[in-house]
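Step one of this worksheet: look at the structure below.
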Amino acid sequence: VTCPLAVRSSGLFEDMLLQPFAGIYSTYIIPNNHPDLNVRFKQLMDAVRLVYASVFSPRSRAYFDAVGYKIEEERMAVIIQEVVGGRHGRYHYPHLSGTAQSFNYYPVMPLKPEDGIATAALGLGSYVVEGEQAFRFSPRYPKLDLLAPEYQAKSSQRFFYALDLERTMPDDLREGEESCYTRLEIAEAEPHGVLTHLASVYDIENHRIEPGLSRRGPRIINLANILKYDQVPLAHAIEVLLEIGERSMGNPVEIEYALDLDTGGTGTPTFYLLQMKPLIQKGDEVSLTDDDLRADGLLLRTDHAMGNGREDIRDLVFADPALFNTAETVEMAAELEEINATLKAEGRRHILVGFGRWGTRDRWIGIPAQFNQISQARVIVEAGLEHFQVDSSLGSHFFHNITSMNIGYFTIRWGSPNHVI
């Protein structure tokens, strides 16, 4: 086997029905193209060992502590998969990767929660599950635009992840998962011919989006030819799989998928179902009246929230809006780790308020905190500023984990009369 390989985990706790989690253990993608078989085999063995070892990482330990699991009771299989996609120049990547959920926690009119939501992006799936900005659509109503044209242009995907087949893999994979792939600008994909059915052009003068690449202008990844003009039945395939999964598991589900429009250079599109997990949301019955939601002493109010229940919380940890600077979000995550350790030692839980997305890999759209750095939070708030407004974390591994742990989750949009902070 000489194709690129993904080495990933399937843990007993990771995939359990009642409280599954995602992205806590490591995944390694290796090019598997070295001319020496022994070198290829060593890289594969290293990747397998490192996936097992990631059970004992600080990120994993913090999660196990938070949910009350015993780390020594975990059992794991390691899965070795061919990486979906094809070779484009010196790079290997699929046309599309994404996630989809059968229940949409934050529907916009006229959508209903049970209509579901899907997220898609060009390139390897790490882009979506690590919380980057990607295109969203309803599998049931794929022709419906969820955002105005100018906002689509502003929030469109700007880069993607690919495997560099000409780069020499490090002898030591302990550099981390990021050593396995390369970050590329969207413009680099256009000469590869992969944007034909994925992209449109934003007409700045007329504030409209033109499907295809026939004119000059900013490229927007919005899958227009696929979703609006049925190049391939992507939305229908996702809807059917979500329906089957929800019916089989007895509760809402989330899938990870990939789409290759030219499998093996034959021109044959292929849809790949990579993973399915249950979406769990549980909580106590708590009744609130309209008067409760208008109380003078209210700290937070939103019509975009998840979770339900009563919590005895005395502490608030927040990013100072007057000092917030996206160039310093990595340093903020390190500060949070120190604060979190202090609160953990004293057994105190807190409300955590930040701007943009929590848990994103892209430091420019939020604070790239890992779970072990904010494990004491019982309510997590993603707020906006006047000049810094980002879509919520829906679809990311981070979002999946806070839903399964029943951590309260608020989105506070700047300027909304229904949102108060």
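The values are calculated or read from the model by the stated rules, or taken from the named source; none is laboratory data. None of these values were measured; they are calculated from a predicted model. Note: ideal-geometry Cβ built from the backbone for every residue, glycine included; neighbour counts use all protein chains shown. Side chains are part of the model used for accessible areas, which takes the heavy atoms of the whole protein and leaves out ligands, DNA and RNA. Shrake-Rupley method; radii C 1.70, N 1.55, O 1.52, S 1.80 Å.
Could you tell me how many of the residues in region 116-134 are closer than 21 Å to Glu246 by Cα and in contact with a helix residue (DSSP H, G or I) (Cβ under 9 Å, 6 or more places away or on another chain)? Before you say what the answer is, go through the steps one by one.
Within region 116-134, the first condition is being closer than 21 Å to Glu246 by Cα, and the residues that meet it are 116-120, 129.
Narrowing the set further to residues that are in contact with a helix residue (DSSP H, G or I) (Cβ under 9 Å, 6 or more places away or on another chain) leaves 116, 118-120, 129.
Looking only at that region, the number is 5.
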Evaluate region 309-320: report whether one residue or more is under 22 Å from the mean Cα position of the chain (by Cα), open to solvent by 60 Å² or more (accessible area, probe 1.4 Å) and modelled with pLDDT of 75 or more.
no
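Considering each of Val240, Val194 in turn, give the residue that is surrounded by fewer than 15 Cβ atoms within 10 Å (Cβ to Cβ), within 30 Å of Met276 (Cβ to Cβ) and among the β-branched types (Val, Ile, Thr).
Values: Val194 fails: surrounded by fewer than 15 Cβ atoms within 10 Å (Cβ to Cβ).
Of the residues listed, the single one that is surrounded by fewer than 15 Cβ atoms within 10 Å (Cβ to Cβ), within 30 Å of Met276 (Cβ to Cβ) and among the β-branched types (Val, Ile, Thr) is Val240.
Specify the residue that is farthest from Phe159 (Cα to Cα); the eligible residues are those in region 342-382 that are touching a strand residue (DSSP E or B) at 6+ places or on another chain (Cβ under 8 Å) and polar (S, T, N, Q).
As a first pass, look at region 342-382 and keep what is touching a strand residue (DSSP E or B) at 6+ places or on another chain (Cβ under 8 Å): 343, 348-360, 365-367, 369, 374, 376-382.
Remaining after also requiring polar (S, T, N, Q): 360, 376.
Numbers: Thr360: 14, Gln376: 33 Å.
For region 342-382, the residue satisfying everything is Gln376.
Yes/no per residue for (1) in contact with a helix residue (DSSP H, G or I) (Cβ under 8 Å, 6 or more places away or on another chain); (2) outside any helix (DSSP H, G or I); (3) open to solvent by less than 10 Å² (accessible area, probe 1.4 Å):
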residue: Leu336; (1), (2), (3): yes, no, no
residue: Ile339; (1), (2), (3): no, no, no
residue: Arg348; (1), (2), (3): no, yes, no
residue: Ile351; (1), (2), (3): no, yes, no
residue: Ala369; (1), (2), (3): yes, yes, yes
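Where residues in region 122-160 are among the hydroxyl-bearing types (Ser, Thr, Tyr) and buried (at least 18 other Cβ atoms within 10 Å of the Cβ), which of them is nearest to Leu184 (Cα to Cα)?
Within region 122-160, the subset among the hydroxyl-bearing types (Ser, Thr, Tyr) is 126-127, 138, 141, 151, 155-156.
From what's left, buried (at least 18 other Cβ atoms within 10 Å of the Cβ): 126-127, 138, 155-156.
Details: Ser126: 13, Tyr127: 11, Ser138: 27, Ser155: 17, Ser156: 15 Å.
By that ranking, first place goes to Tyr127.
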All but one of (1) modelled with pLDDT of 90 or more; (2) among the charged types (D, E, K, R); (3) closer than 30 Å to Ala235 by Cβ hold for Arg49; state the number of the condition that does not hold.
(3)
Are there any pairs with C-beta distances below 6 angstrom linking a residue in region 27-53 that is charged (D, E, K, R) to a residue that is open to solvent by less than 50 Å² (accessible area, probe 1.4 Å), with the two at least 6 apart or on different chains, and if so which?
Arg40/Asn32; Asp46/Leu173
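Considering only residues that are open to solvent by 20 Å² or more (accessible area, probe 1.4 Å) and assigned to a helix (DSSP H, G or I), which ones fall in region 32-47? Even if it seems obvious, please write down each step before you answer.
The initial filter retains those residues of region 32-47 that are open to solvent by 20 Å² or more (accessible area, probe 1.4 Å), namely 33-46.
Hits for region 32-47 are Leu37, Asn38, Val39, Arg40, Phe41, Lys42, Gln43, Leu44, Met45, Asp46.
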Answer yes if at least one residue in region 38-54 is hydroxyl-bearing (Ser, Thr, Tyr) and closer than 21 Å to Thr360 by Cβ, and no otherwise.
yes
If a residue has to be open to solvent by 30 Å² or more (accessible area, probe 1.4 Å) and more than 26 Å from Arg349 (Cα to Cα) to count, how many in region 48-72 make the cut?
5
